[in-house]
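The values are calculated or read from the model by the stated rules, or taken from the named source; none is laboratory data. Not measured: the values here are computed from a predicted model. Methodologically, a virtual Cβ is constructed for each residue, glycine included, from the backbone with ideal geometry; neighbour enumeration extends over all protein chains shown.
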Amino acid sequence: MAKLLVSSPSSVSCSSFSCHRTRTIAATNTVPKIPLPRLPDHNRALVADLNIKKHIPYSAIATNHIKDECFHYSDTNGCESNQVSMEVAKLHLIMEIVADRVEMHKNVGTQRDNWNHLLLTSINMMTLSAATMAAFAAIMIGTGNDNNSSLLALKVSSTVLYAAVTGMLVVMNKIQPSQLAEEQRNATRLFKQLHRELRTRLSLGDPSEHDVNEAIEKVLALDKAYPLPLLGSMLEKFPRKVEPARWWPELKHRNKRKGEKFRGRSKGNNGWDERLVEELKEVVRVLKRKDIAECVRMSEKALNFNKLLATSGPILSGVAAFGSSFLGSADSSWPVMFGVIGGVLASVVNTMEHGGQIGMMFEFYRGASGSLKLMEESIEENMKEQEFDSRENGQLLEIKLALQLGRSVSELRQFAALSSTDKEKTSDEELANKLL
């Protein structure tokens with residue numbers, strides 16, 4: 001609303017005074033109201049959640065300087081449900097850390113896989129070049145052209161190449177690039193799995209401080225099981241005793257409160273009955289006796305074969321370097337045999353070890369035995385709980401176990417029943433895991 005005042009003299013005169021008439025001109029500007037669409041409740045909560053995270057400093061969350069139990073944000077309805085608890089904020093923070101770990105291990109794994117391919121190709125080319133030079137030198141000696149500078153150049157070049165190959169093989173066999181790459185692939189997969197677990201936990205709602213502490217313990221256990229640096233914390237590539245890999249924290253009381261979430265949706269005592277208990281006991285017995293033992297046995301075979309190849313490669317290249325250095329200085333034929341045949345055999349051994357990725361096979365079976373060990377400990381820890389509500393839901397545990405073993409639920413039940421009747425036939429007993 002706008003008003004304009006206009007003053008003008010009147011044309012009518014009065015005897016005692018002059019009259020002036022003031023006219024008021026009113027102008028009204030009316031703007032039509034445009035209705036704005038109202039965001040759905042879940043979108044409003046998401047926008048408010050993002051605004052909260054935008055104004056929370058990272059260092060404040062990381063150093064636990066936030067004292068409030070909940071973060072509050074208001075909307076037009078003033079709903080009490082729009083509260084972000086401290087546990088939710090912490091789990092979101094841990095998810096960001098886990099996502100960063102995934103990228104780190106993925107990039108490092110790709111780099112170390114490239115190491116394996118590049119070193120294998122380079123060492124084989126150097127070895128075969130040295131063997132070829134030694135053969136040419138032997139031909140020159142056989143034809144009587146052993147007094148020229150060409151023979152000396154071939155001998156020196158072959159010896160230098162063999163010496164370099166020997167040193168590179170010692171380093172390569174020590175770090176086992178194929179095994180390093182497999183470790184990082186396993187770490188990437190496990191961190192992705194942890195990220196999905198945290199996302200599922202947030203979707204179920206009402207996380208507790210126990211969930212936050214458990215997530216932190218899992219991250220630290222994975223960091224310890226699969227370290228990134230090579231120097232100082234690299235895993236032993238040739239251990240004296242082969243044991244299943246371990247990347248999880250202690251499972252004591254880790255399943256608390258899980259049964260409470262599904263207590264009203266399952267039959268019986270949180271999905272547990274006598275049949276399920278006997279079935280799980282039988283599965284644990286087979287896992288201990290057959291599956292884990294078989295994976296450890298395969299790991300030991302791969303380790304012993306890898307030790308043989310890792311020792312033979314540098315020895316053969318060293319013998320070839322020794323033989324090529326004596327070409328033309330001895331009347332016998334042993335320098336030629338050592339210089340040429342030793343180099344060829346060294347190339348074959350190196351290709352079998354690193355081209356066949358024997359170190360990766362060892363780590364693969366070690367990780368597989370670790371997965372089976374985790375299943376075993378998870379089942380045993382659940383069965384130790386006296387109260388059914390403190391256990392993981394029985395139906396969900398059975399489905400998860402069956403799928404992890406590559407079976408359906410009905411197949412798992414049939415397998416447990418068959419194994420319980422044939423306990424004496426341990427040699428012909430079927431493995432519980434059908435994936436490997």
- Item | Residue match in region 348-359 (condition: modelled with pLDDT of 95 or more and either more than 14 Å from residue 178 (Cβ to Cβ) or touching a Cys at 6+ places or on another chain (Cβ under 9 Å) (or both)) | yes
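To keep it simple, each residue is scored yes or no on (1) out of contact with any Lys or Arg (no Cβ under 8 Å at 6 or more places or on another chain); (2) at pLDDT 95 or above; (3) farther than 18 Å from residue 322 by Cβ.
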{"position": "99", "(1), (2), (3)": "yes, yes, yes"}
{"position": "102", "(1), (2), (3)": "no, yes, yes"}
{"position": "117", "(1), (2), (3)": "yes, yes, yes"}
{"position": "124", "(1), (2), (3)": "yes, yes, yes"}
{"position": "141", "(1), (2), (3)": "yes, no, no"}
{"position": "160", "(1), (2), (3)": "yes, yes, no"}
{"position": "177", "(1), (2), (3)": "no, yes, yes"}
{"position": "186", "(1), (2), (3)": "yes, yes, yes"}
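Might you let me know whether region 284-307 holds any residue that is touching a residue at least 40 places away in the same chain (Cβ under 8 Å) and more than 30 Å from residue 434 (Cα to Cα)? Steps first, please.
Taking region 284-307 first, the residues touching a residue at least 40 places away in the same chain (Cβ under 8 Å) are 284-292, 294-296, 298-300, 302-303, 305-307.
Still in the running and more than 30 Å from residue 434 (Cα to Cα): none.
No, because not a single residue in region 284-307 is touching a residue at least 40 places away in the same chain (Cβ under 8 Å) and more than 30 Å from residue 434 (Cα to Cα).
Between 344, 348, 283, 277, which is of a type in the set (A, V, I, L, M), surrounded by fewer than 20 Cβ atoms within 10 Å (Cβ to Cβ) and more than 20 Å from residue 135 (Cα to Cα)?
Details: 344 fails: more than 20 Å from residue 135 (Cα to Cα); 348 fails: more than 20 Å from residue 135 (Cα to Cα); 283 fails: surrounded by fewer than 20 Cβ atoms within 10 Å (Cβ to Cβ).
Answer to the check: 277.
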- Which residue out of 373, 423, 434 is in contact with a helix residue (DSSP H, G or I) (Cβ under 9 Å, 6 or more places away or on another chain), modelled with pLDDT of 85 or more, surrounded by fewer than 16 Cβ atoms within 10 Å (Cβ to Cβ) and among the charged types (D, E, K, R)? 434
